[in-house]
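Here's the structure we're looking at; comments come further down.
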Amino acid sequence: MIAWIPFQTPLALPGGWVLWLILPLSLSVTIVYKTLRAEHASRIPRDVAFAMASVLLGLTALGAGLWALIRFWP
């Protein structure tokens with residue numbers, strides 16, 4: 001292969017590294033959402049931190065629930 005072409009040949013990442021991409025994705029989504037919905041600019045960092053923690057906890061709970069469903073379903 002001569003070169004890497006974005007969107008045609010995706011980068012090969014080891015299995016566990018793909019999960020780390022959830023952090024920048026959730027951070028960028030919560031920053032945009034909270035910036036658009038903020039009434040006061042001084043509250044944005046606190047609201048972003050709370051929303052990001054909520055998103056990550058929700059994804060963790062959803063993942064644990066799906067894992068348990070797949071693992072223990074008869």
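Observations on the structure shown:
- For the peptides 11-23, 54-66, residues were scored by their other Cβ atoms within 10 Å and the scores averaged per peptide; the highest-first order is 54-66, 11-23.
- Charge sum, other residues only, whose C-beta stays under 13 Å from A38's C-beta, Lys/Arg counted +1 and Asp/Glu -1: +2
- The chain - percent of accessible surface contributed by carbon and sulfur, probe 1.4 Å: 74 percent
- Extents of the chain, largest first, come to 49, 48, 15 Å (Cα atoms, principal axes, whole angstrom).
- Efficiency of FRET between A3 and A68 - r from beta-carbon atoms, R0 30 angstrom, step 0.05: 0.10
The values are calculated or read from the model by the stated rules, or taken from the named source; none is laboratory data. Note that this is a predicted model, so its numbers are computed, not measured. All Cβ positions, even for glycine, are placed from backbone atoms using ideal geometry, and neighbour counts span all protein chains on display. These accessible areas exclude ligands, DNA and RNA; they are computed on the full protein's heavy atoms, side chains included. Shrake-Rupley method; radii C 1.70, N 1.55, O 1.52, S 1.80 Å.
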